[in-house]
């Protein structure tokens, strides 16, 4: 840990940012998004044309990916713990809400336990958080890469259990590799897609508020301390294990919530939707947006859905571009797109340029 | 008994591929501390190359003799691994980013002259309101010159060594590489599965009452041979240097060991081994895009069993997973088969993170 | 010093370029958006033989070629396209006489080989009907999207085609694991889906299944096994709907013939590890095996049976056997693939039936998307399905409201549509009536001549 590294890890807010309270900007963004379906300002993008179901559906996917990204951000960006079980937990949320809220007397592809949606959703998210917490317990002993492999395998294991269905336990009702129909929760007075949109937006809002509260309080600073000076936290009276577990739990909660929203939007889930590919998507969402940035995951999710839809006709190129994006992100933009303007401003040759231009235009009046 | 023997042989065959991928991962991990998620995909590129060179011209191959194709493909694999290290990994470990800057800017410049002149902007830029057809050559050239200059400057100034040794960016880098390579293969050779015939494909012999395929014998035999060769290598001059770097990079460098060259050799060897593994695997099954997907996780699990340090442990681990899967599938239920490897890794990491390696300790990284 | 100056110049240049590009933006007035059809002048060279659509922008190309034909058609049609349709129906452009239909197929990923053949068949059928002046004054515009057999992509494709391309119906959208994800959107929009859908339709008003289900094909395989004197039957299935349907088939049909079920083995989706399942089946001593896997896995199973010197009857549904093409048998050694049985949902692509020869002529002349497909069998399949769709369209007599569509389609039970290369289509009302086709044939692969021959007529399963 060098001294020079510290200021960039704990960036000072600019004076402009200080003038607008953080909560105010957050509320403004969400207010805007809530009214977006009735404003036709993104019609020119086609993909995010919020006046029709296609655009609204895409935006709802953006929100779902952003929710997972926010949780992932807390885990990777703040606690520095490389947990990759996110795709499995995403599947848990999708399947969990589907099975719990489905009618019990339906055919196999739709059978479930008759729970109300708003009971099923928190229950499954809390269950995911507990799983995250329990997994984190022994896993917190593992370092870096070992943890990545352990959690990656765990995520795959969750998906495999979902696929094995009644071979594991009769009451699982996940309908094996065939896939599960997801009963739709309908916000009263809205049509299906609009209801999914609002539901996903609400879930993102809650996640964001939780993120802002958590990271601005003691917890956020502690997590950063855990990330940066892990071993040294003991003497400071901080149990790094405890905080890592907490980060695990919260990110698992967010992943399950995101999975539930994704399933509401796609109305169907099968195990092959949650393979490594999904993990890569979520990594792109997180990394492109910028690790440990508040709006990073949302920006990353918008970027990802936009790119994916733009490459619809040439999907052979999609993974080439996503792959190169990840490589470039690591090589040249380790802090994500969100800080690109700052990075350009701060880079040495732009400063050179500014100085030279300054010299050129330096006539004193 | 016959069936049991056949199951064990089948298990050893697939286990041999897991082991080789695992060994490739361990070699690179030991020398450069990079968890290479793209290992199997890099090997798959070599396997496709071998198929392409030896394949029937009617099916899109070149039609050269099998052995020549294998030698060329493996040589290609080694060079490919070295290039990857030279361009992508070196800059992150504190060595010059000049090679990457030069190669990327020349490559991108060439591609942009060609593409802009012929096609105009790629279709996913169709929201960018300029001409649909290609640009005139002079416009394309100017744009390419700008691209070259910007790319060069961006890489020279922004690609910086990692501030601390961290597996996360490196893992991301290789995940990106993995998916980019998969897409390159799909674009070059299409997504249709291919039959990759080796001279021993389809030949069998009887051992008592059990029929054994020569492909099984060759796969297992080559696996053992490569493992022994690698063990011998680690006692050679470069092998010792490699281990020294792995044990204590800083001191090793002070002693005058050229870490860059050691790492270069490790990447060449690792990719060579992965190429051999993928050639063996695809010639006894089918050559297709997804061939690497299942192997990479199993390879990592084998490496976990070897604690990411022990070659013997990794090799035994891979074989054990292969045989375990085959026996669980054959003796208990085929639906249990996919869970074996996942359960093994979760249990091993939680109970004995050191795997089979004698130094049962987590690596401090 | 020099290098710094160069950097400054480069940056200035970049800024200038961006500025120029942005300047264009204002003048162009959003030129990237496709111009509405009405403003496009009919291109004289695009009359009879439509130019091959480029993969990049299929919609626009297809839109252009419709214009002149519709002009000709209108002259001999006193009442234009949709004359009996009240009000506006999505996808029916009465003014220009164009009906938009859509299709979502996998052109990339593991199922690409099927998707390319499938789309080619639909394009051939649409081009043919347009070249003949359309139906009742209407010509057809086809839009298609790539779904890679993935849930999200399929959902967004269907939404896009409904909302932005305004399709009237989906034709030939193939069966896949992900298709139930599109049902809520299809139901909400009321857009009919007419295609070889699998998993079987779940009694949804909008979904019409034009091919016998996999379960039915599996049952017919077992009938064939029984005729060949097999007594012990085994099944290898993927651990999903595919396998489920095969296991259902074997459980329903084996008792009918008094056959013994000796093994039911599973293989993981997208996995090449078929060995344990294969060894278990060999050990069970089965003399007939029903497989429900993808083409790659089927090829591997055939190979490994052959290597083990095990030679049972092996039969699969048409999709996974690739009957009529080389997609599956091409992956096994010739001796292993010899004698492999595939259920048939329609005629083989080298049949000497007039209908098939007619298609073959067009297929050989065709050079649009999917022309290089290794699976002409899939193309013939969707060509037949599209022809049936156009026949149904003809029966609507100008009333293209969805009420009339469903009423006419469900009346097919009394007046079936007969397309020579596929089973009789007799859709009926729900429940259960939307599985329109019944019966399948069996074909056998001969490795020496590399051809498939039909060995069993189209028959419904024995009961």
> Restricting to helices (runs of 4 or more DSSP H) lying wholly in segment A:1-98: which have 3 or more residues that are at pLDDT below 85?
Replying inline: A:5-9, A:15-19, A:22-35
>> From the list A:326, A:320, exactly one residue is at pLDDT 80 or above, facing chain B (nearest Cβ under 9 Å), surrounded by 21 or more Cβ atoms within 10 Å (Cβ to Cβ) and within 28 Å of residue B:161 (Cβ to Cβ). Which is it?
In response: A:326
> Do we have any residue at all in segment C:309-328 that's in contact (Cβ under 8 Å) with a residue 24 or more places away in the chain, within 14 Å of chain B (Cβ to nearest Cβ) and in a helix (DSSP H, G or I)?
Replying inline: yes
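For the condition outside any helix (DSSP H, G or I), farther than 26 Å from residue C:190 by Cβ and away from every other protein chain (no Cβ under 14 Å), what is the one hit in C:133, C:109, C:87? Lay out the reasoning, then the answer.
Working: C:109 fails: away from every other protein chain (no Cβ under 14 Å); C:87 fails: farther than 26 Å from residue C:190 by Cβ.
Checking each option against the conditions leaves just C:133.
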> So is residue A:177 assigned to a helix (DSSP H, G or I), touching a strand residue (DSSP E or B) at 6+ places or on another chain (Cβ under 8 Å) and more than 22 Å from residue A:295 (Cβ to Cβ) or not?
Replying inline: yes
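This table checks each residue for (1) within 21 Å of residue C:228 (Cβ to Cβ); (2) modelled with pLDDT under 90; (3) touching a helix residue (DSSP H, G or I) at 6+ places or on another chain (Cβ under 7 Å); (4) surrounded by fewer than 24 Cβ atoms within 10 Å (Cβ to Cβ).
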site	(1), (2), (3), (4)
C:239	no, yes, yes, no
C:243	no, yes, no, no
C:256	yes, no, no, yes
C:260	yes, no, no, yes
C:291	yes, no, yes, no
C:298	yes, no, yes, no
C:323	yes, yes, yes, no
C:327	no, yes, yes, no
C:332	yes, yes, yes, no
> Of (1) crowded, with 24+ Cβ neighbours inside 10 Å; (2) not in a loop (DSSP other than H, G, I, E, B), residue C:197 satisfies all except one. Which?
Replying inline: (2)
>> Suppose we keep only residues that are under 15 Å from residue A:181 (Cβ atoms) and in contact with a helix residue (DSSP H, G or I) (Cβ under 6 Å, 6 or more places away or on another chain) within segment A:99-119. Which one would you say is surrounded by the fewest Cβ atoms within 10 Å (Cβ to Cβ)?
In response: A:113
> What single numbered condition from (1) closer than 23 Å to residue C:402 by Cβ; (2) facing chain A (nearest Cβ under 10 Å) fails to hold for residue C:148?
Replying inline: (1)
>> If I filter segment C:164-180 down to residues being part of a loop (DSSP other than H, G, I, E, B) and within 14 Å of chain A (Cβ to nearest Cβ), which single residue comes out as modelled with the lowest pLDDT?
In response: C:175
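Determine if segment A:187-198 includes at least one residue that is in contact with a strand residue (DSSP E or B) (Cβ under 7 Å, 6 or more places away or on another chain), facing another protein chain (nearest Cβ under 10 Å), at pLDDT 80 or above and not in a helix (DSSP H, G or I).
Residues of segment A:187-198 in contact with a strand residue (DSSP E or B) (Cβ under 7 Å, 6 or more places away or on another chain): none.
Checked against the condition, which is being in contact with a strand residue (DSSP E or B) (Cβ under 7 Å, 6 or more places away or on another chain), facing another protein chain (nearest Cβ under 10 Å), at pLDDT 80 or above and not in a helix (DSSP H, G or I), segment A:187-198 yields no hits at all.
Looking for whichever is more than 19 Å from residue B:77 (Cβ to Cβ) and in a helix (DSSP H, G or I) here; the options are B:282, B:251, B:192. Which one fits? Even if it seems obvious, please write down each step before you answer.
Values: B:282 fails: more than 19 Å from residue B:77 (Cβ to Cβ); B:192 fails: in a helix (DSSP H, G or I).
So the residue among B:282, B:251, B:192 that is more than 19 Å from residue B:77 (Cβ to Cβ) and in a helix (DSSP H, G or I) is B:251.
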> Which one of the conditions (1) within 24 Å of residue C:213 (Cβ to Cβ); (2) surrounded by 24 or more Cβ atoms within 10 Å (Cβ to Cβ) does residue C:184 fail to meet, given that it meets all the rest?
Replying inline: (2)
> Which members of segment C:215-229 meet the condition of being more than 14 Å from residue C:255 (Cβ to Cβ) and surrounded by fewer than 24 Cβ atoms within 10 Å (Cβ to Cβ)?
Replying inline: C:215, C:224, C:227, C:228, C:229
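The values are calculated or read from the model by the stated rules, or taken from the named source; none is laboratory data. All figures in this text were calculated on a predicted structure; none of them were measured in a lab. Ideal geometry is used to build each Cβ from the backbone, glycine not excepted, and the neighbour counts take in all protein chains shown.
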